[in-house]
Amino acid sequence: MSGGQRQRVNIARALMNDPTVLLVDEPTSALDQERGAAVMDLLTGLTHRRATATVLVTHDRALLTAVDRVAEVHDGRLALSAPAR
């Protein structure tokens with residue numbers, strides 16, 4: 001199984017439990033652009049439709065347009081900012 005396939009299976013397993021809080025670390029890192037966009041659509045849709053709190057960790061700044069709040073770590077300190085929409 002490829003890294004992208006394992007990643008999609010792990011996302012499906014996490015969503016089966018209908019979580020109220022979802023912690024996702026680099027959810028699109030092993031996916032091509034099309035599948036990465038589909039995963040982000042799924043996560044943002046789930047967050048809004050089911051009132052799920054989603055904490056997303058990423059190095060991909062392009063994903064920040066899909067979030068409501070951004071917290072960044074700079075020099076070991078947490079800084080809150082608004083996403084670039």
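Computed from the coordinates by the stated procedures, all read-outs in this text should not be read as laboratory data. The structure presented is a predicted model; accordingly, all values stated were derived computationally and were not measured. Positions of Cβ are generated from backbone atoms using ideal geometry, with glycine treated the same way; all protein chains shown enter the neighbour counts.
For the range 32-42, the set of residues classified as farther than 13 Å from residue 10 by Cα and surrounded by 11 or more Cβ atoms within 10 Å (Cβ to Cβ) consists of 35, 36, 37, 38, 40, 41, 42, listed by residue number. Selection of the range 1-45 for residues being among the β-branched types (Val, Ile, Thr) and closer than 17 Å to residue 55 by Cα yields 11, 20, 21, 24, 28, 39, 44. The residues on offer are 54, 58, 47, and the sole one that is in contact (Cβ under 8 Å) with a residue 24 or more places away in the chain, polar (S, T, N, Q), buried (at least 16 other Cβ atoms within 10 Å of the Cβ) and touching a helix residue (DSSP H, G or I) at 6+ places or on another chain (Cβ under 7 Å) is 54. Among the residues making up the range 15-30, those that are over 22 Å from residue 64 (Cα atoms) and either hydrophobic (A, V, I, L, M, F, W, C) or free of Cβ contacts under 8 Å to residues at least 12 places away in the same chain (or both) are 16, 17.
Set side by side, the residues 44, 65, 54, 28 differ, and just one is of a type in the set (Val, Ile, Thr), under 19 Å from residue 80 (Cβ atoms) and not in a strand (DSSP E or B), which is 65.
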